[in-house]
Amino acid sequence: MGSVWLQFTLCLAAIAVSGTQLSRWGDVLAEKTGLGRSWMGLAVVAAITSLPELVSGLSAVTWVKVPDVAVGNLLGACVLNLLLLALSDLIYPPAPLLTAAARGHLIAAGFALILLAVIGLALTLPAAAGTFRLGHVGASTPLLLACYLLAMQATFRFHRRERREYLSKEEEAQLYPHVSLNTALANFCLHALVVVVMATWLPRVATGLAQALEWHLSAVGTIFVALVTTAPELVVTVGALRLGAVDLAVGDLLGSIIINCAFVAIVDLFYLEGPILAGVAPVHGGTALLALLMTGIAVAEMTYRPQHKTMRVLSLGAFVLVFLYGVHLYVQIMAAAG
C-alpha cells in the first residue's frame, strides 16, 4: 500500500510541476511563433494532455479486448473537460471565464458539437453503424478524422487572421523579450515529455490504488480513476489562468474534446472486430448526448457573454454544467449500485 501511495504522489507531483511549466512555456511559444494562445492550447497543448486517453483506449482494444472501456474513457473525458471548463470560473475572479475568452473559440466549440453528434448518431443507431462500414471500421471513422483536420485548419486560419488584424509587430515584440525561441521550445518539449510519461503511468497506479483500497468493484473506483486521468488538463488549465492566459486554458479544454473525438476514430482503426461504435453498449450514447448538451451550453454562454457571475461564484452557464455533471455522476453511481 505504501509503495502504491508513493508512486501515486510522485506522479501527481511531477504532473503538477511540469504541467504548470508547460502552461508557461506554451504561452511563450504562442507569442514567439505567432500561433497565438488559442490555437496553441487547442492544437498543441490539448494533444499533449489528451495522449493518456489515447494510450488507454488503444490498450483496451488491442490487449484487453474491451471496447466499452475505450469508448467510455474517451467520452467520459469529454464530459470531465467540460466540468473543468465550468469550475475554472472559481479561479478566474474578474468575470465569467467564457466571457473573457476570445470569440474564436466558438469555431472550436462548433466543431466539437459536430464530432460529438457524429459519435452520438453512430452509438444510437448501431445497426446503421455496422452496415455502413469501410473494411473493419465504421463510416464514422473517416468522417471524424476529416472533421478533426478541418477543425484544425479552420481555427488556425481564423486565429492567424485575427492576430494580423489586431496585433502590431511592436506589441508582439514586447512579450517575453528576454527569452529566445529555442529556449522556449526546448523547455516546452521537456515538460511535455514529463507530462505525457507521468500521465500515461498515472492511470495504472490509480487503478492499483483503487484495488488496494477495495474500490475496484464500486463506482467510487471508477470515478476516482477517471478524475485522476484529468490531472494534466486540470494542472495546465490552472497554470494558464494564473498566467492570465485565458485563451490557452479554454483552448486546451475545448481542444481536448475535439481530439478525444478524433481518438475514437483512431481506436476504431486498431479494433479489428468491426466498427467499434457498433459493438459497444448503447448507454455510451447517453454520455455523448450529455457532452453535446454541455458543449451547447458553453457555446450559448460564449455567444451571450454575461458580465457577472451568479452569486459572485460561477456564471449561470457554469452552474448548469456543474449540475448536469452532478446528475450524470448520480446516475452512474445508481446504475453501478443496482
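Observations on the structure shown:
- Between helix 219-228 and the chain: long-axis angle, C-alpha atoms, 0 to 90°, nearest 10: 30
- Cα centroids of segment 1-19 and segment 302-323: 34 Å apart.
- Per-residue Karplus couplings for segment 36-47, computed as 6.51 cos²θ - 1.76 cosθ + 1.60 with θ equal to phi - 60°, are listed in order as x, 5, 4, 6, 4, x, 5, 9, 8, 5, 4, 5 Hz, Gly and Pro entered as x.
- Annotation: the residues Trp63, Trp5, Trp39, Trp201, sorted from fewest to most other C-beta atoms within 10 Å of their own C-beta, follow the order Trp63, Trp5, Trp201, Trp39.
- From least to most packed, judged by other beta carbons within 10 angstrom and beginning with the fewest, Thr99, Thr9, Thr230 follow the order Thr9, Thr99, Thr230.
- Computed from phi, the 3J(HN,Hα) profile of segment 9-21 under the Karplus parametrisation 6.51, -1.76, 1.60 (θ = phi - 60°) reads 5, 5, 4, 5, 5, 5, 5, 4, 5, 6, x, 5, 5 Hz, with x in place of Gly and Pro.
- The helix-based estimate of mean residue ellipticity at 222 nm for the chain, built from -39,500 (n - 2.57) per DSSP H run of four or more residues and divided by its residue count, is -25000 deg cm²/dmol to the nearest 500.
- Counted without the sites themselves, the longest stretch of the chain free of GluC sites (Glu not before Pro) in a DSSP loop having at most 16 other beta carbon atoms within 10 Å is 1-213.
- Residue of Thr295, Thr287, Thr303 that the Gaussian network model of the chain assigns the largest fluctuation, springs spanning Cα pairs under 10 Å: Thr303
- The C-alpha atoms of the chain define a longest principal axis, and helix 140-166 lies at about 10 degrees to it.
- Residue with peak Gaussian network fluctuation, the chain [Cα springs, cutoff 10 Å], from Ile107, Ile15, Ile48: Ile107
- Order of Phe111, Phe323 under a 10 Å beta carbon neighbour criterion, fewest first: Phe323, Phe111
- C-alpha long axis of helix 67-87 to longest principal axis of the chain, angle in °: 40
- Choice from Ile266, Ile91, Ile114 with maximal GNM fluctuation in the chain (Cα, 10 Å cutoff): Ile91
Read the figures in this text as sums done on the coordinates, not as results from a lab. What you are looking at is a predicted structure, and each value in this text was computed from that prediction instead of being measured. When we count neighbours, we look across all protein chains shown, and the Cβ atoms used for this are built from the backbone with ideal geometry, even at glycine.
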